[in-house]
Amino acid sequence: MVEKSHAATAPEQEFIAFRIGAQEFCVDIMSVREIRGWTPATALPHAPRYVRGVINLRGAVLPIIDLSERLGLKATQATARHVIIVVHVADRVVGMLVDAVSDILSQPRDAIQPTPDVASDSVKSFIDGVLAVDGRMIGLIRLNAIMPTSEEKAA
């Protein structure tokens with residue numbers, strides 16, 4: 001009974017957890033439209049380096065963002081084992097290239113801890129908080145930060 005009353009005060013939120021290299025990140029499951037295998041993308045001229053290009057997703061043009069490179073890590077050498085997480089960001093649909101989906105997490109909303117003060121401002125611009133789950137630290141991605149900035153779009 002105590003657990004039920006706690007659940008009523010702290011509603012659960014679900015996340016899709018995924019790996020980029022040795023690090024784990026997650027996004028709100030409500031933003032995820034689908035998870036699909038890697039499909040080579042058609043490059044776009046003058047696009048930011050982290051934009052891998054576009055693919056055809058059932059007749060719609062879907063931009064693919066290399067999330068590793070967008071987060072300032074090394075560029076992904078995509079293989080058949082990599083996946084694309086299709087997410088809805090603001091009014092757009094975009095694919096995020098990641099190494100693998102690792103888990104579906106259900107956590108109370110108050111389990112999201114703030115990004116540590118020692119993190120740089122650039123880290124804080126991409127990470128909304130941190131989840132501590134089974135001894136793992138999982139960064140919660142701020143989806144609207146992964147889209148190109150207006151300066152990058154102008155270039």
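Each of Val101, Val94 has some number of other Cβ atoms within 10 Å of its Cβ, and from fewest to most they run Val101, Val94. Between His46 and Asp103, the distance separating the two model label sites (each 7 Å from Cα on the Cα→Cβ line) works out to 4.4 nm.
The amide H of Trp38, built 1.01 Å from its N in the peptide plane, has His82, Ile84 as neighbours under 5 Å, considering only residues 5 or more places off or on other chains. Taking other C-beta atoms within 10 angstrom as a stand-in for reagent exposure, Ser68, Ser106 fall in the order Ser106, Ser68, fewest first.
Where a number appears in this text, it was derived from the coordinates with a stated rule and is not lab data. Every value quoted in this text rests on a predicted model; they were computed, and no experiment measured them. Glycine gets a Cβ as well: all are built from the backbone with ideal geometry, and neighbour counts include every protein chain shown.
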